[in-house]
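The values are calculated or read from the model by the stated rules, or taken from the named source; none is laboratory data. Computed from a predicted structure; not experimentally measured. We place every Cβ from the backbone using ideal geometry, glycine too, and count neighbours over all the protein chains shown. When the accessible area is computed, the model is the full protein with side chains, heavy atoms only, and any ligands, DNA or RNA have been set aside. Shrake-Rupley method; radii C 1.70, N 1.55, O 1.52, S 1.80 Å.
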Amino acid sequence: MIQENIRSKFPLLDVEVHGRQLVYLDNAATTQKPLSVIEALDDYYRRRNANIHRGAYHLAAAATEAYEAVRRQVQSFIGARHAHEVVFTRGTTESINLVASSFAKRYFKGSDEVIVSGMEHHSDIVPWQLAGATLRPIPFSDEGVLDVDAYERLFTPQTRLVAVCHVSNTLGTVNPVRRMVEIAHAHGVPVLVDGAQAVAHLKVDVQEIGCDFYCFSGHKMYGPMGVGVMYGREEILGELPPYQGGGEMIETVTFERTTYNQLPYKFEAGTPSVGDVVALGKAIEFMLQVGVGNIASHEEDLLQYATQQLLQLPAVRIYGTAPGKASVISFLVGQAHPYDVGTLIDQLGIAVRTGHHCTQPVMDRYGIPGTVRASFAVYNTHSEVDRFIDALNRVIPMLQ
Ligand code: PLP
């Protein structure tokens with residue numbers, strides 16, 4: 001009942017593909033958007049658009065207030081101590097690149113190591129390599145559980161930072177980030193948590209986790225593409241140099257010398273995506289109205305239901321079976337290439353992702369080219385899981 005009410009808010013769920021109603025199970029890549037988000041974007045550009053922070057006129061002041069109000073909303077949503085610890089970016093990728101670039105400039109000494117998990121997304125690997133770090137990956141078990149003892153042994157005098165995903169986009173593992181932060185801090189090392197796959201599925205409290213940075217994308221939590229967040233603890237953000245130069249991030253500019261604006265503006269050079277930020281506020285409202293706990297328990301229910309049925313199918317192997325995992329199922333069918341599975345079930349209206357999911361080291365760990373990945377959101381239903389399983393049942397004979 002509650003499900004029907006939720007689904008009616010998502011126009012895209014009514015779309016048909018190949019003559020059938022779409023079953024959208026690619027939520028780890030991006031979620032669909034509720035009407036409130038779509039309408040907020042439309043309303044912003046119809047009635048509220050002005051550049052922020054610099055205008056003396058009403059429209060600019062109102063746009064600025066709408067933008068800053070979402071900063072306070074995000075602060076409360078993730079439990080940050082201050083609103084100025086919330087920096088708006090284009091998404092998780094830009095957030096991590098920002099930290100990697102500024103952190104390296106401030107703290108790297110020429111022989112620098114960053115500890116990452118073995119299940120990181122490329123967005124939390126490549127920026128550190130670009131910054132010049134040597135990566136120290138934390139191994140994980142066949143089930144997809146990080147080896148915390150091995151993690152403790154990776155710290156050396158050259159360790160500058162730990163960067164770890166809260167939830168793995170490929171395996172669904174929910175990593176013990178709080179414990180990992182305690183261990184890193186005991187070594188005097190700060191921690192960045194990639195929360196791209198966490199914020200839409202579990203209650204995040206950055207102060208409770210104790211991390212120094214927390215990064216996520218609006219589009220994976222029912223918000224628009226083009227906006228994300230880099231949370232940084234005030235003490236550490238204050239120490240970092242700016243990432244990009246331009247308007248808004250300055251205090252004074254002369255041809256000889258520039259001084260920088262206060263937090264968070266020091267890290268928000270140029271015109272931000274104001275309409276997207278405003279719409280992100282509506283996505284947060286949507287999540288709070290449904291209740292993050294209700295979202296989590298609904299997805300857990302779908303995960304269990306789908307997993308049990310998948311395990312009944314011949315030749316299906318699931319990758320990532322960590323206890324308490326999030327609503328992501330990666331799997332392979334016999335010797336079939338994941339792309340073939342995805343393409344065949346697409347003909348039956350089922351949208352899943354196939355490939356390495358930007359986690360090539362995970363694929364190397366298992367010696368596989370990629371997986372098929374089904375990932376659930378609050379609007380998915382048992383009957384959609386049934387259609388997904390039915391589609392697999394129909395295509396499996398064609399794959400052997
Ligand atoms: N980190 C993780 C764990 C992800 O799943 C993703 C996207 O799939 C990213 C980072 C990158 O997010 P974006 O492409 O929104 O910047």
Please work out which residue is nearest to Thr93 (Cα to Cα), limiting yourself to region 186-211 and to residues that are within 11 Å of the ligand (Cβ to nearest atom) and not aliphatic (A, V, I, L, M). Asp194
Within the group Arg373, Arg353, which residue is modelled with pLDDT of 95 or more, open to solvent by 10 Å² or more (accessible area, probe 1.4 Å) and on the phi < 0 side of the Ramachandran plot? Arg353
Applying the selection to region 218-239, what residues are more than 10 Å from the ligand (Cβ to nearest atom) and either acidic (Asp, Glu) or farther than 16 Å from Leu41 by Cα (or both)? Val229, Met230, Tyr231, Gly232, Arg233, Glu234, Glu235, Ile236, Leu237, Gly238, Glu239
Output for region 102-140, where each listed residue is assigned to a loop (DSSP other than H, G, I, E, B) and more than 16 Å from the ligand (Cβ to nearest atom): Phe108, Lys109, Gly110, Ser111, Asp112, Ala131, Gly132, Ala133, Pro139
Can you find even one residue in region 42-57 that is more than 16 Å from the ligand (Cβ to nearest atom), of a type in the set (Gly, Ala, Ser) and within 21 Å of the chain's Cα centre (by Cα)? no
Please determine whether any residue of region 88-97 is open to solvent by less than 60 Å² (accessible area, probe 1.4 Å), assigned to a helix (DSSP H, G or I) and free of Cβ contacts under 8 Å to residues at least 24 places away in the same chain. no
Identify, from the list Tyr151, Tyr107, the residue that is surrounded by fewer than 18 Cβ atoms within 10 Å (Cβ to Cβ) and over 20 Å from Phe216 (Cβ atoms). Tyr107
Exception for Val162 within (1) over 28 Å from Pro369 (Cβ atoms); (2) among the aliphatic types (A, V, I, L, M); (3) surrounded by fewer than 21 Cβ atoms within 10 Å (Cβ to Cβ) falls at (3)
Considering (1) open to solvent by 20 Å² or more (accessible area, probe 1.4 Å); (2) more than 21 Å from the chain's Cα centre (by Cα), say which one Gln73 fails and leave the rest. (2)
